[in-house]
1. Based on DSSP H runs of at least 4 residues, each adding -39500 (n - 2.57), what is the mean residue ellipticity at 222 nm of the chain after dividing by all its residues, to the nearest 500 deg cm²/dmol?
2. Taking the Cα atoms of region 3-134 alone, what are Rg (to one decimal) and Dmax (as a whole number) in Å?
3. Which one of 90, 17, 44 has its Cα pushed farthest toward the positive end of the charge dipole of the chain, where Lys and Arg give +1 and Asp and Glu give -1 at the Cβ?
4. Work out the FRET efficiency for residue 56 and residue 131 from their Cβ-Cβ distance, taking R0 = 30 Å, and round it to the nearest 0.05.
5. Highest mean first, what order results for 71-83, 101-113, 6-18 on Cβ atoms within 10 Å?
6. Subtract the Cα-Cα distance of residue 31 and residue 117 from 0.36 nm times their separation in residues, and report this length gain in nm to one decimal.
7. Explain nothing, just compute: Karplus ³J(HN,Hα) = 6.51 cos²θ - 1.76 cosθ + 1.60, θ = phi - 60°, for every residue of region 100-113 in order, whole Hz, x for Gly and Pro.
8. What's the local net charge at residue 76, with K and R +1, D and E -1, over the other residues with C-beta under 12 Å away?
Amino acid sequence: MFLSILTPPQQRVFLEAARAVVEQDGHIADVEQALLDGLHSECGLDETPTALRDVSAIAAEAADALDHGPVRRAFMLELAGVVLIDGHSHADEVAAVTEIARALDVADEHLDEMFAFAARAQALVVDGRRLIATQQEES
């Protein structure tokens, strides 16, 4: 949704961060893999990040690559959505996102707002799928 405001190098860092976040609970659910594939497609990058690095290293790279507030907040808003894509937030995923947010100087209260936004967005997607599946065709 907001990845288009990131430059390709910033998008590469985001994709690496997103993969690291979904791997924190030791399992990549089908919906998480589908999200990672969709994010990669949205970015339009040729290569896929392959080598998983430690979250601290990713956080440091993000701090270097993301040069101003709006870009940092877009990065974090998208990352909050990654945590919630499978319908729940795993403590290790939240901890990873929190570490990255702190490296980007995103205040805890703003991160809480981002998680709340991501939860509302996820609920809207679920509602939309339900409406599509249950609405009668007009005669």
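1. That comes out to -23000 deg cm²/dmol.
2. Looking at region 3-134, its Cα Rg and Dmax stand at 14.2, 47 Å.
3. Going by the charge dipole, the pick is 44.
4. 0.10
5. Most protected by this proxy first, the peptides run 71-83, 6-18, 101-113.
6. Separation in residues times 0.36 nm, less the Cα-Cα distance, equals 29.1 nm.
7. Each residue of region 100-113 in turn: 5, 4, 5, 5, 8, 6, 8, 5, 3, 5, 6, 5, 4, 4 Hz.
8. After counting each charged neighbour, the total is -3.
The numbers here are math on the coordinates, done by the rules we state, and not lab data. These numbers were taken from a predicted model, which means no experiment stands behind them. Cβ: placed from backbone, ideal geometry, glycine included. Neighbour counts: every protein chain shown.
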